[in-house]
Amino acid sequence: SFIDNLINNISQSPNNFRHSEPVKNFAMCLYFLGGKQVYEFIRLNLYGAIPCLSTLGELINNSGTAFNEAQFNFENLRQCHSDFGFCSEDTTGVIRKFEYDSKTDCFVGFATPVNRGVPLPRFYRANTFNDLKTIYDNNEIAGLLNVHMFQGIPTEENSARVPRPLLLSAYGVDNRITTINVLYRWMNIFQQCLKQNVRIIGFATDADGRYLSAMRLGSGFFASSFDLQLDANEHAFKINISTN
């Protein structure tokens with residue numbers, strides 16, 4: 001238990017601290033939900049109760065929960081055990097900073113470039129200091145974080161159990177997003193989810209004008225685009241529901 005783990009470590013030096021698997025899982029949850037400052041406050045005031053930050057970083061990297069910036073984790077949709085669901089997208093302000101990600105050998109924290117609305121992962125690579133200086137001088141450090149979530153819909157056989165939400169992707173952005181980029185990105189998410197046998201019912205977001213315009217274009221509600229005929233898609237206006 002947590003108390004037993006604490007008592008066992010009190011008489012040990014920090015190099016000999018040992019933590020059980022439940023304590024390690026608790027430590028990761030505490031860090032995810034409370035952040036670095038909360039984690040350090042508890043660690044410093046409960047000597048030996050939870051791992052240090054360097055050990056915690058190794059636990060996170062080895063747990064399979066670490067994400068790469070701008071990479072969509074569609075393969076994790078299988079964990080939701082749901083064939084239907086909604087996707088949401090929202091942006092929040094963050095402290096501007098960039099750092100080196102040793103896992104991907106890239107720099108993260110800059111505004112992520114997009115191709116037809118889809119963010120490009122592992123974009124900022126630098127082999128020399130001059131390469132990094134060029135990146136820094138010519139690209140904006142992101143002041144916004146764009147987050148994509150998936151929420152599955154309960155099945156009729158297990159209607160009381162709501163599937164847990166899933167983080168699909170997160171990446172830094174600037175405020176230059178366009179309506180067409182939003183719509184292309186949603187179309188890509190829809191198609192990628194279909195490849196995982198998951199049907200997206202709809203997209204949810206806030207009342208930002210660009211998102212609203214994308215919804216109008218997608219639904220044909222007093223708006224249209226000659227190169228985006230979504231009503232002609234084979235999956236439009238129908239959902240195949242299993243009879244099993």
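State whether the residues of region 110-129 include one that is among the hydroxyl-bearing types (Ser, Thr, Tyr) and free of Cβ contacts under 8 Å to residues at least 12 places away in the same chain. Yes, region 110-129 contains at least one residue that is among the hydroxyl-bearing types (Ser, Thr, Tyr) and free of Cβ contacts under 8 Å to residues at least 12 places away in the same chain. State all residues of region 30-54 that are farther than 23 Å from Ile95 by Cβ and free of Cβ contacts under 8 Å to residues at least 12 places away in the same chain; if no residue qualifies, say none. Once the filter is applied, which keeps residues that are farther than 23 Å from Ile95 by Cβ and free of Cβ contacts under 8 Å to residues at least 12 places away in the same chain, region 30-54 yields only Asn45.
Could you grab me the full set of residues in region 1-42 that are charged (D, E, K, R) and over 26 Å from the mean Cα position of the chain (by Cα)? Let's see the steps before the verdict.
Let us first name the residues in region 1-42 that are charged (D, E, K, R), namely 4, 18, 21, 24, 36, 40.
Selection gives Asp4, Arg18.
A count restricted to region 195-210 and to residues that are among the hydrophobic types (A, V, I, L, M, F, W, C) and out of contact with any strand residue (DSSP E or B) (no Cβ under 7 Å at 6 or more places or on another chain) stands at 1.
Quick check: is even one residue across region 93-115 touching a Ser or Thr at 6+ places or on another chain (Cβ under 7 Å) and either closer than 24 Å to Ser213 by Cα or among the aromatic types (Phe, Trp, Tyr) (or both)?
Filtering region 93-115 down to residues touching a Ser or Thr at 6+ places or on another chain (Cβ under 7 Å) leaves none.
No, there is no match, as no residue in region 93-115 is touching a Ser or Thr at 6+ places or on another chain (Cβ under 7 Å) and either closer than 24 Å to Ser213 by Cα or among the aromatic types (Phe, Trp, Tyr) (or both).
Residue by residue through region 1-51, note down the ones that are of a type in the set (Phe, Trp, Tyr), under 16 Å from Asn62 (Cβ atoms) and in contact with a helix residue (DSSP H, G or I) (Cβ under 8 Å, 6 or more places away or on another chain). Residue satisfying the conditions is Tyr31 alone. For region 41-75, the set of residues classified as modelled with pLDDT of 90 or more, surrounded by 13 or more Cβ atoms within 10 Å (Cβ to Cβ) and farther than 19 Å from Pro22 by Cα consists of Glu69, Ala70, Gln71, Phe72, Asn73, Phe74, listed by residue number. Screening Leu168, Leu212 for residues that are touching a Cys at 6+ places or on another chain (Cβ under 8 Å) and modelled with pLDDT of 80 or more leaves exactly one candidate, Leu168.
The values are calculated or read from the model by the stated rules, or taken from the named source; none is laboratory data. Quick caveat, the model's predicted, so the values are computed rather than measured. FYI the Cβ positions are ideal-geometry reconstructions off the backbone, even for glycines, and counts take in every protein chain you see.
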